[in-house]
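The values are calculated or read from the model by the stated rules, or taken from the named source; none is laboratory data. Predicted model only: the values in this text are computed from it and were never measured. Cβ: placed from backbone, ideal geometry, glycine included. Neighbour counts: every protein chain shown. Accessible surface is based on the protein model in full, side chains and every heavy atom, while ligands, DNA and RNA are left aside. Shrake-Rupley method; radii C 1.70, N 1.55, O 1.52, S 1.80 Å.
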Amino acid sequence: MYITESIEKQLQYVYCVFLILFNIVSLYFIIDLLSYDEIIGYLTDGGIKTDSPRKLAYLFFVNGISNLLFVCVSLMARLFDK
């Protein structure tokens, strides 16, 4: 039973590190999205539709930062709990 618990802890550590890396990569793309002034879409009838992605990008940014904070805190709690 001890082997199962140690493997489970190692999988949790690997999963937490994977989530941290995934959140950092997503934050990179969100910060890149914040630099766009507008996104232009071409409609089927020949019209043009423009939209600013900044409000949605700020929402994604706050979500990504909170996810990163939560995962880092839970990983530190597991590491210091030994």
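Observations on the model:
- Other residues whose C-beta falls under 10 angstrom from the C-beta of I39 contribute a net charge of -2, scoring Lys and Arg +1 and Asp and Glu -1.
- Between the range 21-36 and the range 66-82, the Cα center-to-center distance that results, in Å: 21 Å
- Share of carbon and sulfur in the accessible area of the chain stands at 69%, probe radius 1.4 Å.
- Potential lengthening of the chain between S35 and S66 amounts to 9.1 nm, from the contour at 0.36 nm per residue minus the alpha-carbon distance.
- Exposure of I48 as accessible area (Å², to 10), given a probe of 1.4 Å and all protein chains: 110 Å²
- Whole-Hz Karplus values for the range 15-25 come out as 5, 5, 5, 4, 5, 5, 5, 5, 5, 5, 5 Hz, taken residue by residue from phi with 6.51 cos²θ - 1.76 cosθ + 1.60 and θ = phi - 60°; glycine and proline positions read x.
- The charge dipole of the chain, taken about the Cα centre with unit charges on the Cβ atoms of Lys, Arg (+1) and Asp, Glu (-1), comes to about 260 debye, rounded to the nearest 20.
- Per residue, the solvent-accessible area of the chain (1.4 Å probe, heavy atoms of protein chains only, all protein chains present) comes to 84 Å².
- Listed candidates [x] 45, 37, 30; [y] 41, 24, 18; [z] 66, 23, 14 - label of the one calculated as Cα extents along the principal axes in Å: [z]
- Karplus-derived 3J(HN,Hα) values for the range 56-72, using 6.51 cos²θ - 1.76 cosθ + 1.60 with θ = phi - 60°, are 5, 5, 5, 4, 5, 5, 5, 5, x, 5, 5, 4, 5, 5, 4, 5, 5 Hz; glycine and proline are entered as x.
- Dipole of the chain computed with +1 at Lys/Arg Cβ and -1 at Asp/Glu Cβ about the Cα centre; of Y13, G47, F80, farthest Cα towards the positive end is F80.
- Cβ-Cβ FRET estimate between F18 and R54, R0 fixed at 41 Å, reported to 0.05: 0.90
- Highest mean first, the peptides 4-11, 20-27 sorted by other C-beta atoms within 10 Å per residue fall in the order 20-27, 4-11.
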